[in-house]
Amino acid sequence: MSHLKQAKEKIAGLKKELNAIIVAHNYQRPEVQDIADFVGDSLELARKCVGVRAEVIIFCGVRFMAEMAAILNPASIVLLSHPDAGCPLADMIDIDTLRQWRQRYPEAAVVAYVNTAAAIKAESDICCTSANGTEVVNAIPSEEILFIPDQNLGHYVSTKTDKKIILYPGFCHTHASITAKEVKLAKQRYPQAKVLVHPECRPEVIALADAALSTSQMLRYAAQSNDKAFLIGTEEGVLHPLRKQNPDKEFHIIRDRFICPDMKKTTLATIIDTMQTGSNVVTVPEETGIRAKQAIDKMLAIV
Ligand code: SF4
């Protein structure tokens, strides 16, 4: 039996034993996505975890996502698929800094991208994802918004609203590393391709794209489009579901090795280890969880 098949069988057995489900982000390795019960972006995974009836949720993604699963489904035990899978963007803001910024802009509502720690969500007015940032900003009463922590997503939202958006200077190393020059070169190579980029990319990159979309929106766009070729500007893991769901279409990544190192820490071996040892339990202090949930629920009520 092949190594891959053995690993898959092992995971299937452990799932039954633990009464577990496995959820995976679109940026995970293809073989990890293939063994998951549900694959999606942050918003879809958050929604999925609300009603899950499993004793254990194995979360294949990064820590802030597993924290959201724990907050939204306190009845399940949440295990993160690798102990050190974090998000450098989420780590760019801490509580003291957020409080200082709040004092500087006392009139502003704090809109926190979900790529933040639970403690930051707990101090925010509402959350948003890359799929719904504009809708969230436009739906809340405040005319002044302190958008944390991703300045590129915040800038993109600012182009879609009349409200005043104050940008916090965080960024995703992976998405911000793509340059306009690389996009232009890729467009020369594939002149017919529609260019879809993630809103965590720099404004000059988004300006060259046909659309700035979350990963789930990219999947919908590609499925519904009559176009046959696409240039993708986000973590390369999303190529797997794009190609699987659209076998008659071509997908090219804007630059080779467009990867999030933290998303790639999870392998089938780390999943097996996590399940066998019951390690990497993700918990959120109760008081923090209650307040963070309010910010997440407000978002889920809007979109
Ligand atoms: Fe964080 Fe960027 Fe990785 Fe997403 S791709 S988990 S924002 S570092």
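Observations, loosely collected:
- Computed Rg/Rh of the chain, alpha carbon atoms with Kirkwood Rh: 0.97
- Most positive-pole-ward Cα, A292, Q217, V281, against dipole of region 152-303 from beta carbon charges: Q217
- Take the Kirkwood radius over Cα pairs of region 175-301, plug it into Stokes-Einstein at 25 °C and 0.890 mPa s, and you get 145 µm²/s for translational diffusion.
- Applying 0.36 nm per residue to the separation of K187 and D210 and subtracting their alpha-carbon distance, the gain on full extension is 7.1 nm.
- In sequence order, calculated HN-Hα J values of region 276-288 (Karplus, 6.51, -1.76, 1.60; Hz; x Gly/Pro): 5, 9, x, 8, 6, 5, 9, 10, 10, x, 3, 4, 4
- Spin-label model, A301/D273: points 7 Å from Cα along the beta carbon direction are separated by 4.3 nm.
- Y113 long-range amide H proximity, modeled H, under 5 Å: C128, I148, D150
- Computed from phi, the 3J(HN,Hα) profile of region 147-158 under the Karplus parametrisation 6.51, -1.76, 1.60 (θ = phi - 60°) reads 9, 10, x, 8, 5, 6, 5, x, 5, 4, 4, 4 Hz, with x in place of Gly and Pro.
- Residues of region 29-68 with amide N under 17 Å of the 7 Å Cα→Cβ point at S2: 29-36
- Net +/- balance of residues flanking L268 in space, Cβ distance below 14 Å, scoring K and R +1, D and E -1: +3
- Local net charge near S2, Cβ-Cβ under 13 Å (Lys/Arg +1, Asp/Glu -1): +1
- Per-residue HN-Hα couplings for region 61-72 [Karplus 6.51, -1.76, 1.60; θ = phi - 60°; Hz; x = Gly/Pro]: x, 10, 4, 4, 5, 5, 4, 4, 4, 5, 5, 7
- Estimated inter-spin distance, R243 and A180, nm [label 7 Å along Cα→Cβ]: 3.2 nm
- Annotation for region 109-146: GluC sites (Glu not before Pro) lying in DSSP loop with at most 13 further Cβ atoms inside 10 Å of their Cβ are E143.
- Residues of region 204-220 with amide N under 11 Å of a point placed 7 Å along Cα→Cβ from H155: 204-207
Each reported figure results from applying straightforward, stated rules to the coordinates on display, with no laboratory input. Treat the numbers as computed from the prediction; the structure is a model and nothing was measured. Using ideal geometry, Cβ is built from the backbone for each residue, glycine included, and neighbour counts are taken over all protein chains shown.
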